[in-house]
Amino acid sequence: MDFLVETDIFVEYLTTPASTLRSALTHGVCYTTFNNALELFRAVTSTEEEEAVQRALMSVRLLGLNWRNARPFAETARRIEAATGKHLSEHEMVMIGMAEMSKLTILTKRNYDRYRELGVAVINSAERSL
């Protein structure tokens, strides 16, 4: 199984020895979005933290966006909002749209319940994918 990794999983990787990302990297290919990389770099406060973020991001593949993604991502958001009655944030639209387009399962802990209630393919532990 391949994963679309949320920002919280990178934070865990950068702050704890036994992390979900380390496990996921042994179970499949990991991807993240430009938006998640931006969040990580925005949060750094030192050169050492910036270098750690760079190393973490080098372990995954980065998925980019262009204007062609906007329409199908918006259609996905409208479909999910109509089915669930819940409003999606821009971050959720990008993550869900990218996951569906790329046939990836979102890997997150912090947002696990939210994605589940939206009916999105999500897990909170790479071991659960086996």
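The values are calculated or read from the model by the stated rules, or taken from the named source; none is laboratory data. The structure displayed is predicted, hence computed values, not measured ones. No Cβ is skipped: glycine too gets one built from the backbone with ideal geometry, and neighbour counts run over all protein chains shown.
Points to keep in mind about this one:
- Within the stretch 65-82, restricting attention to residues that are surrounded by fewer than 14 Cβ atoms within 10 Å (Cβ to Cβ) and charged (D, E, K, R), the residue that is nearest to Val120 (Cα to Cα) is Arg79.
- Some residue of the stretch 112-120 being surrounded by 13 or more Cβ atoms within 10 Å (Cβ to Cβ), aromatic (Phe, Trp, Tyr) and in contact with a strand residue (DSSP E or B) (Cβ under 8 Å, 6 or more places away or on another chain): yes
- All conditions but one from (1) under 14 Å from Thr7 (Cβ atoms); (2) at pLDDT below 95 apply to Trp67; the one that does not is (1).
- Set Leu62, Leu4: member being loosely packed, with under 14 Cβ neighbours inside 10 Å and assigned to a strand (DSSP E or B): Leu62
- Residue count for the stretch 22-55, restricted to those that are assigned to a helix (DSSP H, G or I) and either of a type in the set (Val, Ile, Thr) or within 11 Å of the chain's Cα centre (by Cα) (or both): 7
- Residue match in the stretch 87-95 (condition: in contact with an Asp or Glu (Cβ under 9 Å, 6 or more places away or on another chain) and more than 19 Å from Asp8 (Cα to Cα)): yes
- Residue in the stretch 76-97 that is without any contact (Cβ under 8 Å) to a residue 12 or more places away in the chain, of a type in the set (A, V, I, L, M, F, W, C) and under 15 Å from Thr33 (Cβ atoms) present: no
- One residue from Gly85, Gly97 being crowded, with 21+ Cβ neighbours inside 10 Å, more than 21 Å from Ser125 (Cβ to Cβ) and over 10 Å from the mean Cα position of the chain (by Cα): Gly97
- Among the residues of the stretch 95-111, those identified as farther than 16 Å from Arg61 by Cα and assigned to a helix (DSSP H, G or I) are Ile96, Gly97, Glu100.
- Any hit, the stretch 16-24, residues being of a type outside the set (Phe, Trp, Tyr), surrounded by 13 or more Cβ atoms within 10 Å (Cβ to Cβ) and touching a Lys or Arg at 6+ places or on another chain (Cβ under 8 Å): yes
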